[in-house]
Amino acid sequence: MIELQGLTKIYGDKAAVDDVSLRIDSGEFGVLIGPSGCGKSTTLRMINRLIPASRGRILLGDDDVTRLPAEQLRRRIGYAIQSIGLFPHWSVAENIAVVPGLLKWPKSRIAERVDELMALFHLDAGELRDKYPHQLSGGQAQRVGVARALAADPEVLLMDEPFGAVDPLTREVLQDELLRVHQHTRKTIVFVTHDMDEALKLASRIALLNAGRLVQYDRPIELLTRPADDFVRSFIGKADLGLKLLSRRWVHQYQQHATVQDASLAQTGYTWETDAEGRPICLHGGRLNAEDREQRTEVNQEWSATPGMTMKEALSRMVWFRVMVLPVLDDQGRLIGEVTMHGVMGQQPCA
């Protein structure tokens, strides 16, 4: 758990961070966002004492971070930044092992931890362990940087715009990787970004700052549907607000029963044919009657959905493949329901 109590940082006669109070519970993914110069990175750096606070308190669990010995604080808080900061003349394994080495872990334990983290971040140890940073792609180097921040198994991971320097495709992959790692480790994460789409995708809670002050601290869905003021509405943006909302809605919230039966039977609506294992083969419909009974669409696995998929991605697949319905499949590829364009437009999501 991290709690900021009246946190303030003053430079000259200007408050870069002005009386910010918020709490990020254990295991949550907290995101700090706002326009340039709003104080988000300064706030992050005060948490691990890279910058001293002018006023206020920062609690890590029950401990005031200003009273913790520096070595203990570094052990409890990992830190990953945009520029990565890998040591250029050290191998991948040596970079990941920096903090455990400083803490004088046994060599066998360090080697095991390096292997564990490389596997967690999908870094091929056989291929990459002995390579140097200049031999890595941007995405690989960023994974190594985050792995290094987690090497000593800290309670909290601080991340300052870590994906800002990579291309959009790599950035999306790294976001997915980070979500997977967060689900696996349940670390408390504090993440700085200027990208609202990134914040909405990653965050459990979002803190929106402006001119050093906290404007709204809320869950993503509340930020979208109940903005605190006009600044919040403007920062979120209106042009694709519906898609942003669907990025925080999930297929299982809109999932409906799927009709599965012999395709020769007349039926109004959509009817699925499945194989013996319950996997969908084809879709019949809208209307199945004597005139259009031959309407039949082979099921393409790319236009299926899973319960944990966002409705934004499901809608994108419907539009791309020009279909009004997607089969919802379990992890074995079996049909467990359907989601429809009509449902997206007219159905209130389930909890």
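Observations, loosely collected:
- Test: PHE235 is without any contact (Cβ under 8 Å) to a residue 24 or more places away in the chain, open to solvent by 40 Å² or more (accessible area, probe 1.4 Å), among the aromatic types (Phe, Trp, Tyr) and in a helix (DSSP H, G or I): no
- If the condition is being touching a helix residue (DSSP H, G or I) at 6+ places or on another chain (Cβ under 6 Å) and open to solvent by 20 Å² or more (accessible area, probe 1.4 Å), then the stretch 324-343 contributes MET324, MET341.
- Yes/no for ARG205 being touching a residue at least 40 places away in the same chain (Cβ under 8 Å), surrounded by fewer than 16 Cβ atoms within 10 Å (Cβ to Cβ), charged (D, E, K, R) and under 24 Å from MET1 (Cα atoms): no
- Taking the conditions (1) exposed (fewer than 15 other Cβ atoms within 10 Å of the Cβ); (2) aliphatic (A, V, I, L, M); (3) in contact with a strand residue (DSSP E or B) (Cβ under 9 Å, 6 or more places away or on another chain) in turn, LEU169 satisfies each one other than (3).
- Some residue of the stretch 282-302 being under 30 Å from MET196 (Cα atoms) and modelled with pLDDT of 90 or more: no
- Here LEU158 fulfils each of the conditions (1) within 20 Å of the chain's Cα centre (by Cα); (2) modelled with pLDDT of 90 or more; (3) open to solvent by 80 Å² or more (accessible area, probe 1.4 Å) apart from (3).
- Flag for ASP176 being at pLDDT 90 or above, over 18 Å from PRO227 (Cβ atoms) and acidic (Asp, Glu): no
- All positions within the stretch 208-227 that are surrounded by 19 or more Cβ atoms within 10 Å (Cβ to Cβ), of a type in the set (A, V, I, L, M, F, W, C) and touching a residue at least 40 places away in the same chain (Cβ under 8 Å): LEU208, LEU209, LEU214
- Of all residues making up the stretch 297-351, the number that are in contact with a His (Cβ under 8 Å, 6 or more places away or on another chain), within 19 Å of THR259 (Cβ to Cβ) and not in a strand (DSSP E or B): 2
- Only listed residue being over 27 Å from LYS14 (Cβ atoms), of a type in the set (Ser, Thr, Tyr) and at pLDDT 90 or above, chosen from THR193, THR188: THR188
- Strands (runs of 3 or more DSSP E) within the stretch 176-224 that include 1 or more residues touching a Cys at 6+ places or on another chain (Cβ under 9 Å) and within 20 Å of SER247 (Cα to Cα): 205-210
- Considering each residue of the stretch 106-129 in turn, none proves to be closer than 19 Å to TYR79 by Cβ and open to solvent by 80 Å² or more (accessible area, probe 1.4 Å).
- Strands (runs of 3 or more DSSP E) enclosed by the stretch 17-93 - at least 2 residues per element that are open to solvent by 80 Å² or more (accessible area, probe 1.4 Å) and in contact (Cβ under 8 Å) with a residue 12 or more places away in the chain: 55-60
- Matching entry among ARG129, ARG75 (being more than 22 Å from ASP195 (Cβ to Cβ) and modelled with pLDDT under 90): ARG75
- Checked against the criterion of being under 17 Å from GLU313 (Cα atoms) and within 21 Å of the chain's Cα centre (by Cα), the stretch 252-272 has at least one qualifying residue.
- Candidate set from the stretch 303-323 (those that are at pLDDT below 85 and open to solvent by 40 Å² or more (accessible area, probe 1.4 Å)); member that is nearest to LEU179 (Cα to Cα): PHE321
The values are calculated or read from the model by the stated rules, or taken from the named source; none is laboratory data. It should be emphasised that the depicted structure is a prediction, and the values quoted were computed from it without experimental measurement. In this analysis, Cβ positions are derived from the backbone assuming ideal geometry, glycine residues included, and neighbour counts consider all displayed protein chains. These accessible areas exclude ligands, DNA and RNA; they are computed on the full protein's heavy atoms, side chains included. Shrake-Rupley method; radii C 1.70, N 1.55, O 1.52, S 1.80 Å.
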